[in-house]
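The values are calculated or read from the model by the stated rules, or taken from the named source; none is laboratory data. Treat the numbers as computed from the prediction; the structure is a model and nothing was measured. All Cβ positions, glycine included, derive from the backbone under ideal geometry; neighbour counts span all protein chains shown.
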Ligand SMILES: C[S@@+](CC[C@H](N)C(=O)[O-])C[C@H]1O[C@@H](n2cnc3c(N)ncnc32)[C@H](O)[C@@H]1O
């Protein structure tokens, strides 16, 4: 059913962020044989490429999305409708052909749409519902939660470009990741929380295996919240306050804030304001008697490096290190290296590479170079909620004789 060109080549639609389009183009060129760029359309910060490439075995789209840093989405094109041809009737018939072509009458489907242009006035949800209902009338079974096949529709100018994929191969890649986000935002500390959620999903991190994590540059606490909600014990470092109210909600374990002796009164007031004084204890850095193991969350209220921090030895070791500090790539990497001694071998690192300038590749190379001594399996992805930044994943190498810096 997929659209094949005269020379047996395949047609694809690829989406990337507009500011990263050149890099996405470069990555596609490196991964696809005989690639030809037919069209590039830019709208509202997003780039859509229409390309052809030599036919390959397997799900090349999944491979490209997994292995590249800057390709957000890629699909093989089944058909394109234009102008008057874009009627619901036509669209339904064409999708029915795609689904029937899968030869699985019992297969369930869902439709995902992305509108690049407001030419079609209906919103994406209503288009999906109308088409889904129509297709159900034809005997196909829609199932949003457990679909076997995802049909993708890209609305651009007066055209609709359609593709599909086997859902089990695509769980990590939605055509429009931002759809439905607003409704799930209420319980989050902030939108940054989605960044870590996306990283965990994309890099395949099993949080059930993460007992303790160190979160640096943690305020106001989105990443910390996501981790503690996933049952992970967290030590968070940031000189700013966290959203203790959200962090303490529905938690059995208590929270501890460790701060400079001069700041304990200010901290006490802030915690009272959050209305959680019974759930949060405060200690100062020089309190040598502090017992740390009983707390689900410890907030070290300081910038890194933490001065006069005698308790460092008491923190134990960690299975995960997350760094979202708004520092340059080299500085964030140095922080990761400084804390490597507290990580178990095989521990996971998630680090945001902030793009201070448009020389994105240089920032990435700087981080990779700085980290390669202590970390391996380094991968980079610009995730949907990354704006002027990308996310780095790495694994703490074992075997080097690191000692914890005192
Ligand atoms: C983008 S925010 C982090 C957002 C956070 N990940 C969340 O989910 O809410 C960056 C934070 O890095 C912190 N920061 C910057 N430099 C730091 C340093 N050297 N040590 C610790 N925190 C730092 C800032 O105080 C700021 O709160």
Conditions (1) farther than 27 Å from residue 376 by Cβ; (2) part of a helix (DSSP H, G or I); (3) out of contact with any strand residue (DSSP E or B) (no Cβ under 8 Å at 6 or more places or on another chain): number failed by residue 278
(2)
Is it the case that some residue within the stretch 90-104 is in contact (Cβ under 8 Å) with a residue 24 or more places away in the chain, surrounded by 14 or more Cβ atoms within 10 Å (Cβ to Cβ) and within 30 Å of residue 390 (Cα to Cα)?
no
Looking at residue 193, is it within 16 Å of the ligand (Cβ to nearest atom), in contact with a helix residue (DSSP H, G or I) (Cβ under 8 Å, 6 or more places away or on another chain) and over 30 Å from residue 41 (Cα atoms)?
yes
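Take the conditions more than 25 Å from the chain's Cα centre (by Cα) and not in a strand (DSSP E or B) and apply them to residue 219. Does it pass?
In short, no.
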Collect the residues in the stretch 236-264 that are within 16 Å of the ligand (Cβ to nearest atom), within 14 Å of residue 285 (Cβ to Cβ), in contact with a strand residue (DSSP E or B) (Cβ under 7 Å, 6 or more places away or on another chain) and outside any loop (DSSP other than H, G, I, E, B), keeping them in residue-number order.
237, 257, 258, 259
Could you say which residue among 204, 231 is assigned by TED's automatic domain parsing to the domain that holds residue 334, more than 7 Å from the ligand (Cβ to nearest atom), part of a loop (DSSP other than H, G, I, E, B) and over 30 Å from residue 62 (Cα atoms)?
231
So which residues in the stretch 307-342 are within 20 Å of the chain's Cα centre (by Cα), in a loop (DSSP other than H, G, I, E, B) and within 18 Å of residue 232 (Cα to Cα), if there are any at all?
324
So is residue 180 out of contact with any strand residue (DSSP E or B) (no Cβ under 9 Å at 6 or more places or on another chain), modelled with pLDDT of 90 or more and not in a strand (DSSP E or B) or not?
no
For the stretch 150-161, enumerate the residues that are surrounded by 15 or more Cβ atoms within 10 Å (Cβ to Cβ) and farther than 12 Å from residue 96 by Cβ.
150, 152, 153, 154, 155, 156, 159, 160, 161
Given the criteria away from the ligand (no atom under 13 Å from the Cβ), more than 18 Å from residue 394 (Cβ to Cβ) and either assigned to a loop (DSSP other than H, G, I, E, B) or in contact (Cβ under 8 Å) with a residue 40 or more places away in the chain (or both), does residue 346 qualify?
no
Go through (1) within 16 Å of the ligand (Cβ to nearest atom); (2) over 26 Å from residue 46 (Cα atoms) for residue 328 and report which single condition fails.
(2)
Any idea which residue in the stretch 41-52 is nearest to the chain's Cα centre (by Cα), counting only those that are at pLDDT below 95 and either within 24 Å of residue 167 (Cβ to Cβ) or assigned to a strand (DSSP E or B) (or both)?
46
Filter the stretch 208-234 down to the residues that are crowded, with 18+ Cβ neighbours inside 10 Å, free of Cβ contacts under 8 Å to residues at least 40 places away in the same chain and under 20 Å from residue 345 (Cα atoms) and list them by number.
none
So for the stretch 26-33 (the condition being loosely packed, with under 15 Cβ neighbours inside 10 Å, at pLDDT 95 or above and over 21 Å from residue 386 (Cα atoms)), does at least one residue qualify?
yes
Checking residue 353 against (1) touching a helix residue (DSSP H, G or I) at 6+ places or on another chain (Cβ under 8 Å); (2) over 17 Å from residue 210 (Cα atoms); (3) away from the ligand (no atom under 16 Å from the Cβ); (4) not in a loop (DSSP other than H, G, I, E, B), which test does it fail?
(3)
With the requirement that a residue be farther than 8 Å from residue 214 by Cα and within 9 Å of the ligand (Cβ to nearest atom), what does the stretch 314-325 give you?
323, 324, 325
